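Structure first, commentary second.
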Amino acid sequence: MVPLTCVKQDQVDGSADPSDGGEQWTVWADALNVDSVPTTTATAADLFARAGDSVLLRLRSHVEADGFHLAEQIDRTTGLQLSASDLTWSYAEVLNAMTARATYTAAAAATA
C-alpha cells in the first residue's frame, strides 16, 4: 500500500521541485476535481474515499440493469457493458474496493 501524504500548497504553484510531491498532487487534484491541497492526511483520505464511492456508485448504475453481472468493459459513450462477462477478477476488484472502503470507514470512525 502506498502511504498517503499531504503536500504543501507552495508545492503545486509551479515553483516547487516535482520530487517534493507537487507534481503528483496536481494530477490527483485534477482526478479528484478539487482546487486546493488538503492540509491534513484525514482530509486527503476523505477526498479519496468520496472519489472511490463515486466510482462504485457509477459502476452500480451500469450493472444494476444487467442483474449486477459485470462485463470486462463499459462503453464510455453509451454506458453499455462490453466484452467478456462475469470475469472473476472483475468481481474480485469490486470486493477489494468494498473491503478497503470498510477498513477506511472503521479506521476513520475509530479516530473521530
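Quick rundown of the values:
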item	result
Conditions (1) in a helix (DSSP H, G or I); (2) of a type in the set (A, V, I, L, M); (3) out of contact with any Phe, Trp or Tyr (no Cβ under 6 Å at 6 or more places or on another chain); number of the one not met by residue 49	(3)
Residues being farther than 21 Å from residue 49 by Cβ and either assigned to a helix (DSSP H, G or I) or under 14 Å from the mean Cα position of the chain (by Cα) (or both) - total across the range 82-99	4
Residue pairs meeting the criteria (Cβ under 7 Å; at least 6 apart or on separate chains; first more than 14 Å from residue 56 (Cβ to Cβ), in the range 84-106; second among the small types (Gly, Ala, Ser) and assigned to a helix (DSSP H, G or I))	none
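The numbers here are math on the coordinates, done by the rules we state, and not lab data. All of these numbers come straight from a predicted model, not from anything done at the bench. Don't worry about glycine lacking a Cβ; one is built from the backbone with ideal geometry, like all the others, and counts go over all protein chains shown.
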